[in-house]
Each structure stands twice: as structure tokens, then as C-alpha cells.
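Undergrad: I'd like to ask some things about the structure below.
The values are calculated or read from the model by the stated rules, or taken from the named source; none is laboratory data. What you are looking at is a predicted structure, and each value in this text was computed from that prediction instead of being measured. With ideal geometry, Cβ positions are generated from the backbone for all residues, glycine too; neighbour counts draw on all protein chains shown.
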Amino acid sequence: MLAGKQSWIFKHAPAILATGVTGGKLEGQGRLANDFDLLYDDNYLNETTLEKAHRKLLEDAIAIALQKGNMSKEEVEFFFAGDLINQITPTSFAARTNGIPYVGLFGACATSMEGLALSSFIVNYGGANHIITGASSHKAAVEKQFRYPNDYGGQKPPSAQSTVTGAGVALVGSSMHIKQPTHKVIAATLGKVVDMGLTDPFNMGGAMAPSAVDTIMAHHKDLGLGPNYYDAVITGDLGCIGHNVAFDLMQEKGFAIDRDRFLDCGMLIYSDDQKQEVFAGGSGAACSATVLYGHLLNEMKKGTYKRILLVSTGALLSPLSFQQGETIPCIAHAAAIEWQA
């Protein structure tokens, strides 16, 4: 059901039946290491190129989700996913491997919630029984495309963030016959493109913060909710700089969310930035995907949160647009998840 101008409420509350979360060496040294299903200690994952390693991260996450959900790929109707590499080739090649009918998505680092929102909408209205959705990124592959190869050793400013090497996927299906408590997708909000004129590719958090605020406020307005309705509102990868900007913007606009309810996946995934050298925090399409489908859903099972709003954030630039001096258009998509019977 449409709520307000840009949100959906899911009457039948599709369930996240199973998840698969993979990560790299740096992620295995972070504070959320125990929430990954599979961690690698080599950037190449025994592949010959970094892009092939990127594909393998996603393939393995899909295999894990299917195994945990006790389901074969033949029982899944659709696969919705994307990444940051040109023409989302790692995801498309993973789709080739699995042979599941495929819709490639590009919302930059907002892809994970774009996929969860669309999957939930389709399952809610009976358009599919089971959908695999997710997102992935690989630090060495992504950063050589958007910035420069890691091996170059160029200096980065404090506002820069470290792309997460990993993949997070969810198996989404009907919750109508599930009797035990499970994670249910209650609602979603699709964001608008917001561009405040920033051009610095090393300050993605600052660029994306206004789009995150726009979607968060739109979600609460569309559903008629107070600012502290959710136990936690978690942005995708604003990092410490963008997170502070977003919080200040919400306060200025009269959206008085409590500071301790407002979190960021890019600030959660790694340990202290001085130990892991991630500057302002984590980023990448895998950032919100791995933190949600690993850590946050586990915390909901433990009772830390009953209901959360995950707002993944994306910068819709390309190497070409940056080279032509374009500003950075940004977007944020949100999904509301509850732990309930």
C-alpha cells in the first residue's frame, strides 16, 4: 500500500528467511567480525583478478543464504542485486553462475535497501515466493576505479572512507506460514536524488548526508511516525563526518531524534580508525548490506532492537562525471524491519 508520497507499507510483512554475509581481511579485524558467515585473508580469494574476487564474494554469500534457508537456487524466482563496478559486471557474472532470473540494480551504496524494498514489494503482492537480494563491493577493485589503485599509495584526507570488501544478501519470502519470531520487512521508502553541489570524491559522507536526512524525514512523515519511533535509525555509510552533518541537519529541521538512536554502518563495521586506518569509516555497497544482514539482524534476535530503520546511502557519480567536473548527486533508500512473530 502506498503511504504518503514515496513510501510503501507491506500488509503481509515479507520475511528475511536467511542471509549470507562474506568479508575480507580488514573486515575480519573489525568489531563486527563475528557477524560474518565467511571471511577471507587474501584480497584475491584465490582468483586471478580483483574483479573476479569481487564476484566470488557475492557468489559465496548467495550459496550461504541458500544453505541456511534450506533452499535450492531453482526454488528462487528472482535475483535483485548490484555493485559499484562499471556495468555492475561482478553481480551480472554471479547471476550467470547461479542461473536465477536477474534484475541488475544500481543505486551505488544505496543498492542494498533498493533491492530489499523492491523484493519486499513483489513478495508482498504475490509476485514471487522467494527472492535473493543484496549488494557487494571490493576495496581494491572499487577504489582503483573511482580514485586510484591502493598500490599507488597516495595520501587520503581525513574525510575519506575505506570501501568494504564483502557481500551481504538476503533470502526474502512470505511470512504468512512462519510461526516462530522472524525478521519482517514492514515498510520502505524510496529516496529522491539530492545534490548540494559538492564535488570532492573524498568526502562522500558529507555529500550523502542531505539525501539521508531527506529520506529519513520523508519516511516518518509518510507513515505518521515520531522521530524516536524506531529503536535505531541506521544510515548506510556516511562515516563520522557525514553522520555528524546528518544529525545536525535533522536537528535544524526540527526532527529531534535522540543521538543514541542514530547510528551508521560505516562507523560500526571497523574498529577504532587509528587502528585500522579507515579514516572517516567504512563505505561501499557492501557496507550497509553486511552490517544489516549480519550484525543488526543478529542484534535484533538478541533483543537489542525490536524495530529498526536502515537507510542506505549512495553517491551516484561515475569516473566520467567526476572527470567532467560534475557535482555528486546522492540518494538514500530505507527499509523498516521488525523482529516479531
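Undergrad: If you check 57, 2, which single one turns out to be crowded, with 20+ Cβ neighbours inside 10 Å and in contact with a strand residue (DSSP E or B) (Cβ under 8 Å, 6 or more places away or on another chain)?
TA: 57 is the lone residue from the list that is crowded, with 20+ Cβ neighbours inside 10 Å and in contact with a strand residue (DSSP E or B) (Cβ under 8 Å, 6 or more places away or on another chain).
Undergrad: Separate question: Does any residue of region 309-322 turn out to be in contact with a Phe, Trp or Tyr (Cβ under 7 Å, 6 or more places away or on another chain) and under 25 Å from residue 9 (Cβ atoms)?
TA: Looking for residues that are in contact with a Phe, Trp or Tyr (Cβ under 7 Å, 6 or more places away or on another chain) and under 25 Å from residue 9 (Cβ atoms), one finds at least one in region 309-322, hence yes.
Undergrad: Let me ask something else about it. Collect the residues in region 154-168 that are at pLDDT 85 or above and not in a loop (DSSP other than H, G, I, E, B), keeping them in residue-number order.
TA: Taking region 154-168 first, the residues at pLDDT 85 or above are 162-168.
Result: 162, 163, 166, 167, 168.
Undergrad: Do you know which residues across region 183-214 are basic (Lys, Arg) and surrounded by fewer than 18 Cβ atoms within 10 Å (Cβ to Cβ)?
TA: Going through region 183-214, the residues basic (Lys, Arg) turn out to be 184, 192.
Result: 192, single match.
Each row is one residue, and each column tells you yes or no for (1) in contact with a Cys (Cβ under 8 Å, 6 or more places away or on another chain); (2) at pLDDT 95 or above.
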{"site": "183", "(1), (2)": "no, yes"}
{"site": "205", "(1), (2)": "yes, no"}
{"site": "219", "(1), (2)": "no, yes"}
{"site": "240", "(1), (2)": "no, no"}
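Undergrad: Next question, about the same structure. In region 175-277, which strands (runs of 3 or more DSSP E) lie fully inside it and hold 1 or more residues that are of a type outside the set (Asp, Glu) and without any contact (Cβ under 8 Å) to a residue 40 or more places away in the chain?
TA: In region 175-277, 262-264 are the strands (runs of 3 or more DSSP E) which contain 1 or more residues that are of a type outside the set (Asp, Glu) and without any contact (Cβ under 8 Å) to a residue 40 or more places away in the chain.
Undergrad: Among the residues of region 168-178, is there at least one that is surrounded by fewer than 18 Cβ atoms within 10 Å (Cβ to Cβ) and within 29 Å of residue 27 (Cα to Cα)?
TA: Looking through region 168-178, none of the residues is surrounded by fewer than 18 Cβ atoms within 10 Å (Cβ to Cβ) and within 29 Å of residue 27 (Cα to Cα).
Undergrad: Taking interchain pairs and intrachain pairs at least six residues apart, which have beta carbon atoms under 7 angstrom, with the first residue in region 48-68 and more than 17 Å from residue 143 (Cα to Cα) and the second surrounded by fewer than 24 Cβ atoms within 10 Å (Cβ to Cβ) and among the aliphatic types (A, V, I, L, M)?
TA: Short answer, once both residue conditions are applied: 56/45; 60/38; 64/38; 65/18; 68/18.
Undergrad: Here is a further query. Give me the pairs: first residue in region 25-37 and of a type in the set (A, V, I, L, M), second residue outside any helix (DSSP H, G or I), beta-carbon distance under 8 Å, and six or more apart or on different chains, which are they?
TA: That search, which allows pairs on different chains as well, returns 26/162; 26/165; 26/270; 26/278; 32/269; 33/23; 33/39.
Undergrad: Same structure, new question: Could you grab me the full set of residues in region 215-240 that are buried (at least 22 other Cβ atoms within 10 Å of the Cβ) and in contact with a Leu (Cβ under 9 Å, 6 or more places away or on another chain)?
TA: 215, 216, 219, 220, 230, 233, 234, 235, 236
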